[in-house]
């Protein structure tokens with residue numbers, strides 16, 4: 001582990017991921033001892049801890065964040081953390097994540113230099129062994145088909161294309177225009193969101209990420225052509241955000257600490273705002289997802305449009321703050 005003088009963002013992320021299980025396993029640790037363990041100085045560990053208590057599980061409400069005992073840290077130079085047990089648990093890959101890793105590793109193995117192929121082969125074997133099944137079995141996503149749902153008879157075609165890294169030609173019904181469109185997509189994964197199944201893909205017609213409702217796919221043909229980016233991972237659609245025909249344009253004003261949104265989510269437009277801010281447009285399919293994002297970004301983002309979303313978020317924020325009023329917390 002490098003010292004703080006040569007610290008990079010990957011160094012800090014790696015240290016943070018190792019720091020929490022280290023602290024949880026010991027209950028409490030002296031600040032200087034933690035610094036010595038990670039090969040850095042106490043000031044850097046303290047900066048890490050102050051970053052930690054701003055992170056946690058989505059949607060990032062106070063009860064979701066990692067807790068650091070700042071009084072013990074500043075007074076006795078003792079580190080205590082809480083509400084972070086999930087970081088000490090072993091990683092479990094979802095079927096879509098495991099599929100993406102296997103496809104990426106197999107693609108890398110074919111194109112990698114000779115000296116790297118053995119490392120990739122060992123990694124691939126470990127992943128398949130950890131999954132407890134053969135590699136081809138791992139690649140089957142097993143979204144259980146329901147014969148009563150339109151489009152589910154196409155799931156085997158879509159799963160085969162995902163497993164083999166092939167493009168798919170689909171005929172898709174767009175209800176907002178009452179039209180059928182034919183397009184070629186790079187499939188990445190299948191996800192069930194409530195009672196619907198979606199295909200997550202890069203659409204070559206729209207030149208962007210799209211999530212297609214499987215019940216609106218009228219026909220699907222697996223092509224022989226490979227996807228453009230074999231290592232692309234399927235997005236997590238369960239949070240309610242994805243780009244499809246039924247979306248709403250949301251405009252956010254982002255201060256510099258929130259500019260990471262531009263890199264992490266595909267914005268449809270961005271414009272300079274006042275005082276170093278940037279205004280961005282996103283296509284979203286869930287107002288709840290927007291509220292969760294704003295709670296994570298606060299106070300570095302403002303919802304400019306639509307007005308109805310802004311009003312409902314303000315009400316949700318007031319409700320969240322009211323939960324703390326009885327504890328004598330002053331938010332003024």
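Here, each number is a calculation from the coordinates, and none is a lab measurement. Not measured: the values here are computed from a predicted model. No Cβ is skipped: glycine too gets one built from the backbone with ideal geometry, and neighbour counts run over all protein chains shown.
Taking the alpha carbon gyration tensor of segment 248-325, what are the square roots of 5 times its eigenvalues, largest first, to the nearest whole Å? The partial results should precede the final answer.
Details: eigenvalues 89, 41, 24 Å².
Sorted largest first and rounded, they come to 21, 14, 11 Å.
Within a 10 angstrom radius of the beta carbon, how do 229, 279 rank from fewest other beta carbons to most?
The order, fewest Cβ neighbours first, is 229, 279.
Quick one: if the Förster radius is 22 Å, what FRET efficiency do residue 116 and residue 224 give, using the C-beta to C-beta distance and rounding to 0.05?
In this case the efficiency is close to 0.20.
Estimate the FRET efficiency between residue 255 and residue 286 by the formula 1/(1 + (r/R0)^6), using the beta-carbon distance for r and 30 Å for R0, to the nearest 0.05.
It comes out at approximately 0.80.
Can you compute the modelled spin-label distance between residue 181 and residue 321, with each label point 7 Å from Cα toward Cβ, in nm?
Simple spin-label model gives 4.2 nm for this pair.
Roughly what would the spin-label model give for residue 307 and residue 24, points 7 Å off Cα along C-beta, in nm?
Simple spin-label model gives 4.6 nm for this pair.
Residue 78 label point, 7 Å along Cα→Cβ, cut-off 20 Å on backbone N: hits in segment 21-42?
21-37, 42
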